[in-house]
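Structure, as structure tokens:
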Amino acid sequence: MVKPCIANSPAGVSPTLLTVYHSPPETRGNWSSCMAYVVTENCINCKHTDCVDVCPVDCFHEGPNFLVIDPDECIDCTLCVPECPVNAIFAEDEVPADQAEFIELNAELCKSWPVLTEKRPALPDADEWDGKPGKRDLLQR
Ligand code: SF4
Ligand code: F3S
């Protein structure tokens, strides 16, 4: 049986539920983790970081020219999606097919990159890089 997502609790994302969420999966009782959101290609070389300011569970991790979301921390609240000026964040099941590799990249890179919790200035040429194709090859680790 699929357990309900904590973020969809009638009580909302309360401190109590967040405590439960951050406990080991085997102690979460009737609550499950949720589908994660994913940062995709258009963040590369833009890195506006508006997204980190609204995340209630601090699940963004910062690399040199890209941010990722920790899928084990994301509670599917959707708050970050409209904050990104270049529309780089998608629900896991709505990631464009040609960017599917970013689902794994988020899960992998969040393990080695530090958490970012406050907005920083965007990268210098962010506006020029918005929408440019082929940015995947420019991702710095
Ligand atoms: Fe954070 Fe976005 Fe996940 Fe909400 S949907 S928890 S804001 S990464
Ligand atoms: Fe990247 Fe958009 Fe956040 S550009 S850093 S996903 S606001």
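The values are calculated or read from the model by the stated rules, or taken from the named source; none is laboratory data. No experiment lies behind these values; they were computed from the predicted model shown. In this analysis, Cβ positions are derived from the backbone assuming ideal geometry, glycine residues included, and neighbour counts consider all displayed protein chains.
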Checklist entry - Could we say that ARG141 is outside the structural domain of CYS46 (by TED's automatic domain parsing), in contact (Cβ under 8 Å) with a residue 24 or more places away in the chain and among the basic types (Lys, Arg) here? => result yes
Checklist entry - Is it the case that VAL68 is touching a Ser or Thr at 6+ places or on another chain (Cβ under 7 Å), β-branched (Val, Ile, Thr) and modelled with pLDDT of 95 or more? => result no
Checklist entry - Here are some residues: VAL20, VAL52, VAL38, VAL2. Which one is modelled with pLDDT under 95 and not in a loop (DSSP other than H, G, I, E, B)? => result VAL20
Item to check | Condition met for ALA7 (outside the structural domain of LYS119 (by TED's automatic domain parsing), farther than 27 Å from GLU128 by Cα, at pLDDT below 95 and part of a helix (DSSP H, G or I)) | outcome: yes
Checklist outcome for this item: Checked CYS84, CYS43, CYS74 against criteria (touching a Phe, Trp or Tyr at 6+ places or on another chain (Cβ under 7 Å) and either within 8 Å of ligand 2 (Cβ to nearest atom) or among the aliphatic types (A, V, I, L, M) (or both)); the one match is CYS43
Checklist entry - Does CYS80 count as in contact with a strand residue (DSSP E or B) (Cβ under 7 Å, 6 or more places away or on another chain) and within 12 Å of ligand 1 (Cβ to nearest atom)? => result yes
Checklist entry - Within the bounds of segment 88-101, is there any residue that is of a type in the set (A, V, I, L, M, F, W, C), surrounded by 11 or more Cβ atoms within 10 Å (Cβ to Cβ), more than 15 Å from the chain's Cα centre (by Cα) and farther than 15 Å from GLY63 by Cα? => result no
Checklist entry - Which is in contact with a helix residue (DSSP H, G or I) (Cβ under 6 Å, 6 or more places away or on another chain), part of a loop (DSSP other than H, G, I, E, B) and among the charged types (D, E, K, R), of LYS111, LYS119? => result LYS119
Item to check | Residue check for VAL13: in contact with a Cys (Cβ under 8 Å, 6 or more places away or on another chain), at pLDDT below 95 and not assigned by TED's automatic domain parsing to the domain that holds ASP125 | outcome: yes
Item to check | So ALA126, is it small (Gly, Ala, Ser) and in contact with a Cys (Cβ under 7 Å, 6 or more places away or on another chain) | outcome: yes
